[in-house]
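The values are calculated or read from the model by the stated rules, or taken from the named source; none is laboratory data. Owing to the predicted nature of the structure, the values given are computational and were not obtained by experimental measurement. Cβ placement follows ideal geometry from the backbone for every residue including glycine, while neighbour counts extend to all protein chains displayed. Please note that ligands, DNA and RNA were not included when accessible areas were found on the heavy atoms of the full protein model with its side chains. Shrake-Rupley method; radii C 1.70, N 1.55, O 1.52, S 1.80 Å.
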Amino acid sequence: MKAQFEPILEQVLRRNPGEIEFHQAVREVFDSLGPVLAKHPQYADAAVLERICEPERQIIFRVPWVDDAGHVLINRGFRVEFNSALGPFKGGLRFHPSVYLGIVKFLGFEQVFKNSLTGMPIGGGKGGSDFDPRGRSEGEVMRFCQSFMTELYRHLGEYTDVPAGDIGVGGREIGYLFGQYKRITNRYESGVLTGKGVSWGGSLVRTEATGYGTVLFAEQMLRTRGMSFDGRRVLVSGSGNVAIYAIEKAQQLGGKVVAASDSRGFVLDEQGIDVSLLKQVKEVERASIEVYAQRRGNGAVFVPGERVWAAGGDIALPCATQNELDESDAKNLLNGGVVAIAEGANMPTTPEATALFQEAGVLFAPGKAANAGGVATSALEMQQNASRDAWTFDYTANRLAAIMSGIHDRCATTADEYGQPGNYVMGANVAGFLKVADAMLALGVV
Ligand code: NDP
């Protein structure tokens, strides 16, 4: 990292003590920006880096709710409105016991660059709660969502801040959140949340978009080296929204996905993952992935407490959570002959593992580029809401494919332009930064 970044990084560390994931995300972006500041001193003159690391607004609130046994429980809610230079704050809500300010801030910071990369008019933000929906009844999840929105609604609006889902927040939670927003405001403001059900303002393809988009990005990368998914052995981590649709699209493109996981372990299914069974177990029954292996009846095994990466494959798609692929996993993958990694999750690869992949010269797509299809399709949902329209699946899927191709090319061209061809991490950080930074300069010191 260039010396001129050090005082700014020190300030970030001092202002945000203990928020290690946020520090990691900032460091990773700073590592790419040296050549940009050398070429464009105006960004340093206007303190754009200092400003971009400081959220515009951070909201922390109490979420009281009553469980089925009549006990009063308290969770903490967050919304970090990071940057609105390009449009209303946009980014998901995560419900998971690990959520604290540092996680929300890292996600919000990443989101600023990701949303910029999509080329769409959306700023960056993120939110969530340390509430754990797992094991909770429908009634408990609904009451929690209603209480969460009873505070958050005052900060939202289709021109202000537009949340969506993330870990632990899917269509069910978005429904309860939207219902409470509608009730409090007495407005059917469809554009205030994305990831809605298709019959009440949602967009076709939004459910599939992040996973599909990740695979489309990987396919574009592979093409630059004359390769494709066809006949390739693929490893996917996670079995949630992103993972399931990454598996589906990889299979549509001829890949053989042999592994998927959840927080309890992974399944190895040498005949190829049966997506409809996986959807039944994880989306409908909300059970452990172990149940998948038990029901598959073809020799698929469940490996408790382990990660998928030791199973060896040509293509790796980490689609679960942050820092789930470390240096030893990277070594395992490289020994197993991996040719491409595309991050469906946000920051799943540790910096040490990323460095190993880059040194080895394998294709590596960072999440802020590869998983941007989700937020891009959320922006398409907002367009449909604004025009009171509903597009077909094929039309929306074609828009998504064109957007992913545009992001791929933007990253590749920017990396070339700044002297690091093939470095998608650098390309994504620089291209994402430039658009936001120029808008910030144009808007003055605000
Ligand atoms: P889901 O809640 O649908 O699924 C998350 C999956 O990851 C589950 O299989 C879960 O296992 C597993 N998981 C969660 N935490 C851990 C952990 N600490 N260790 C191991 N496994 C874990 O979330 P999504 O699929 O929506 O999100 C996955 C990732 O993709 C996140 O990083 C998210 O930020 C990112 N992302 C999501 C987008 C979206 O549109 N949904 C858009 C862009 C990025 P279990 O079932 O046991 O809990």
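Somewhere in segment 312-323, is a residue farther than 23 Å from F106 by Cβ, more than 20 Å from the chain's Cα centre (by Cα) and open to solvent by less than 30 Å² (accessible area, probe 1.4 Å)? Steps first, please.
Quick first cut of segment 312-323, residues farther than 23 Å from F106 by Cβ only: 312-315.
Keeping just the survivors that are more than 20 Å from the chain's Cα centre (by Cα) gives 312-314.
With open to solvent by less than 30 Å² (accessible area, probe 1.4 Å) added as a condition, the list becomes 312-313.
Within segment 312-323 (the criterion being farther than 23 Å from F106 by Cβ, more than 20 Å from the chain's Cα centre (by Cα) and open to solvent by less than 30 Å² (accessible area, probe 1.4 Å)), the answer is yes, since at least one residue qualifies.
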- Among helices (runs of 4 or more DSSP H) completely within segment 357-446, the ones holding 3 or more residues that are touching a residue at least 40 places away in the same chain (Cβ under 8 Å) and either within 16 Å of the ligand (Cβ to nearest atom) or on the phi > 0 side of the Ramachandran plot (or both) are 367-370, 373-386, 393-417
- What are the pairs, 6+ residues apart or on separate chains, where a residue within segment 52-70 that is within 12 Å of F144 (Cβ to Cβ) has its Cβ under 9 Å from a residue that is in a strand (DSSP E or B) and hydroxyl-bearing (S, T, Y)? V63/S129
- Scan segment 163-190 for residues that are within 16 Å of G139 (Cα to Cα), open to solvent by 40 Å² or more (accessible area, probe 1.4 Å) and not aromatic (F, W, Y) and jot them down. G171, R172
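For V72, indicate whether it is among the β-branched types (V, I, T), in contact with a Pro (Cβ under 7 Å, 6 or more places away or on another chain) and modelled with pLDDT of 95 or more.
Working: among the β-branched types (V, I, T): yes; in contact with a Pro (Cβ under 7 Å, 6 or more places away or on another chain): yes; modelled with pLDDT of 95 or more: yes.
Answer is yes for this residue.
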- From the option list G119, G102, G123, G92, single residue qualifying as closer than 25 Å to A402 by Cα, open to solvent by less than 10 Å² (accessible area, probe 1.4 Å) and either in contact (Cβ under 8 Å) with a residue 60 or more places away in the chain or not assigned by TED's automatic domain parsing to the domain that holds F178 (or both) is G92
- Query: Looking at (1) assigned by TED's automatic domain parsing to the domain that holds S261; (2) of a type in the set (G, A, S); (3) assigned to a helix (DSSP H, G or I), which is the only condition G337 fails?
  - Reply: (3)
- Task: Tell me, please, whether a residue that is within 16 Å of the ligand (Cβ to nearest atom), part of a helix (DSSP H, G or I) and crowded, with 20+ Cβ neighbours inside 10 Å can be found in segment 294-310.
- Result: yes
- Message: Which of the numbered conditions does A250 fail, given that it passes all the others? Conditions: (1) buried (at least 21 other Cβ atoms within 10 Å of the Cβ); (2) within 22 Å of L333 (Cβ to Cβ); (3) over 23 Å from the mean Cα position of the chain (by Cα).
- Response: (3)
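Could we say that R286 is surrounded by fewer than 24 Cβ atoms within 10 Å (Cβ to Cβ), touching a Lys or Arg at 6+ places or on another chain (Cβ under 8 Å) and closer than 22 Å to E173 by Cβ here?
So R286 passes the test.
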